[in-house]
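The values are calculated or read from the model by the stated rules, or taken from the named source; none is laboratory data. If you're wondering where the values come from, they're calculated on a predicted model, not measured in any experiment. With ideal geometry, Cβ positions are generated from the backbone for all residues, glycine too; neighbour counts draw on all protein chains shown.
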Amino acid sequence: MLGTDPVARGTGVGARLLCEGLARADADAVPVYLETTNPANIGYYEHHDFRVVRAVNQPSAPPAYCMLRPAAA
């Protein structure tokens, strides 16, 4: 799980955490999976090579977007 304090929003802390985690995944040649409930985040994650692999829509919960970033070659 990745998250930052709302006070840190817009400071780049979250992006640095994400990039560090992706670098580790690349070093280990493993894929990375994430879920977001905010459709506005999809483009941000696509910029980091994630692709939506499934959208989950349940009446009792907000939509969730399942995204996958392939393992580095």
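A few remarks follow.
- Within this structure, Leu34 passes the test of being modelled with pLDDT of 95 or more, surrounded by 12 or more Cβ atoms within 10 Å (Cβ to Cβ) and touching a helix residue (DSSP H, G or I) at 6+ places or on another chain (Cβ under 8 Å).
- Residue within region 46-65 that is surrounded by fewer than 11 Cβ atoms within 10 Å (Cβ to Cβ), among the β-branched types (Val, Ile, Thr) and free of Cβ contacts under 8 Å to residues at least 24 places away in the same chain present: yes
This table checks each residue for (1) at pLDDT 95 or above; (2) under 14 Å from Ala71 (Cβ atoms); (3) surrounded by 13 or more Cβ atoms within 10 Å (Cβ to Cβ).
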residue: Thr4; (1), (2), (3): no, no, yes
residue: Ala27; (1), (2), (3): yes, yes, no
residue: Asn38; (1), (2), (3): no, no, no
residue: Gly43; (1), (2), (3): yes, no, no
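- In the set Arg54, Arg69, only one residue is more than 10 Å from the chain's Cα centre (by Cα), basic (Lys, Arg) and at pLDDT 95 or above; that residue is Arg54.
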